[in-house]
There are 2 protein chains.
Amino acid sequence: MDIATVNTLPYEDFVNIFGNVVEKCPIVTAAVWSRRPFVSFTDLEAAISEFIDALPESGKEGILRCHPDLAGRDLQSGTLTRESQQEQAGAGMDALSSAETSRMVRLNREYKERFGFPFVICARMSDKAGILRQLSERCRNERAVERAHGIEEVKKICRLRLQGLLLTDAPNKL
Amino acid sequence: MDIATVNTLPYEDFVNIFGNVVEKCPIVTAAVWSRRPFVSFTDLEAAISEFIDALPESGKEGILRCHPDLAGRDLQSGTLTRESQQEQAGAGMDALSSAETSRMVRLNREYKERFGFPFVICARMSDKAGILRQLSERCRNERAVERAHGIEEVKKICRLRLQGLLLTDAPNKL
């Protein structure tokens with residue numbers, strides 16, 4: 001889909017297609033529809049990023065809290081969004097040993113108890129070893145640092161989800 | 001559920017229970033979890049209201065765009081959220097004559113073309129005749145007026161959904 005086509009979409013189609021580029025936060029996509037026309041893919045991505053940056057800190061934490069745990073309850077029970085399922089599986093989160101699962105569950109719990117939001121990482125830009133290392137290291141950060149770090153990861157996830165949707169049938173038009 | 005119990009909920013349970021008090025916008029509930037402890041039901045409601053008011057205008061439009069049409073495609077296809085389904089049915093939206101359905105579809109379309117967001121009304125505080133009258137009248141408003149009006153309706157819907165969840169098993173504790 002090229003950006004000219006994106007600009008012609010009624011908000012309902014726009015939200016249906018792009019509503020989960022920020023996990024479970026269709027409000028973000030629905031809000032930036034007001035910013036049409038977008039001159040490029042990068043312009044749409046920037047509008048999303050600016051909307052997120054303009055939220056109060058509680059709103060940024062709200063975005064993080066809409067994310068599932070990595071290798072958590074939703075993965076086990078099959079209730080992840082389609083996008084999260086693919087991303088977690090791609091990083092090997094659905095094929096952990098029982099020792100790895102236990103470690104991940106323990107670290108996720110520690111992280112959430114410390115910060116009040118979940119550990120968020122762009123799984124497609126990492127792998128099992130990298131995710132476990134980051135989770136272990138980031139547990140030691142300050143809350144504000146980790147909130148900002150999480151939001152940067154949200155933006156990376158968003159960029160890759162957007163690319164996947166926009167490049168599907170017209171990669172040379174962006 | 002009393003407010004003391006609400007204050008003890010981990011964010012995951014809080015979002016699971018209250019995540020749809022603003023339609024398809026769990027970020028709102030997830031954000032206000034940061035404001036605990038709440039001293040009362042009214043305090044929780046006020047936190048949600050303040051979060052919405054602090055959003056940029058595009059964010060308020062984003063909230064409106066996460067709402068389904070009344071007597072629209074989602075009602076016909078059974079893809080409304082549970083809450084919307086009950087509210088629309090309660091106002092008779094699932095039992096319109098074919099003439100009424102046609103009129104509703106036409107007015108919804110006019111409204112969306114004019115404003116770029118859907119007509120939102122607290123269906124539980126109205127009925128079929130009232131909804132059709134309001135839809136017809138509000139089509140003539142200015143965009144900024146209608147955006148503000150829609151957000152006030154979102155808050156009424158939120159209040160009733162919250163009451164329903166909180167009063168289920170402990171009405172005298174709030």
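What follows draws every value from the coordinates through simple rules; no lab data is involved. Worth saying up front: this structure is predicted, and the values here are computed from it rather than measured. Every residue, glycine among them, receives a Cβ derived from its backbone with ideal geometry; neighbour counts consider all protein chains shown.
Per the listing B:S98, B:S77, B:S84, the residue uniquely farther than 28 Å from A:R36 by Cα and either of a type outside the set (S, T, N, Q) or touching a residue at least 12 places away in the same chain (Cβ under 8 Å) (or both) is B:S84.
The numbered conditions (1) without any contact (Cβ under 8 Å) to a residue 40 or more places away in the chain; (2) surrounded by fewer than 23 Cβ atoms within 10 Å (Cβ to Cβ) are all true for B:V32 except (2).
Every condition in (1) assigned to a helix (DSSP H, G or I); (2) touching a residue at least 12 places away in the same chain (Cβ under 8 Å); (3) within 11 Å of chain B (Cβ to nearest Cβ) is met by A:E45 except one, and the failing one is (3).
Would you confirm whether or not the range B:50-72 contains a residue that is within 14 Å of chain A (Cβ to nearest Cβ), in contact (Cβ under 8 Å) with a residue 60 or more places away in the chain, buried (at least 20 other Cβ atoms within 10 Å of the Cβ) and of a type in the set (D, E)? Among the residues of the range B:50-72, at least one is within 14 Å of chain A (Cβ to nearest Cβ), in contact (Cβ under 8 Å) with a residue 60 or more places away in the chain, buried (at least 20 other Cβ atoms within 10 Å of the Cβ) and of a type in the set (D, E), which makes the answer yes. Restricting attention to the range B:90-139, the residues that are surrounded by 14 or more Cβ atoms within 10 Å (Cβ to Cβ), basic (K, R) and over 16 Å from the mean Cα position of the chain (by Cα) add up to 5. Within the range B:1-29, being surrounded by 15 or more Cβ atoms within 10 Å (Cβ to Cβ) and free of Cβ contacts under 8 Å to residues at least 40 places away in the same chain holds for B:L9, B:Y11, B:E12, B:F14, B:V15, B:G19, B:P26, B:I27, B:V28, B:T29.
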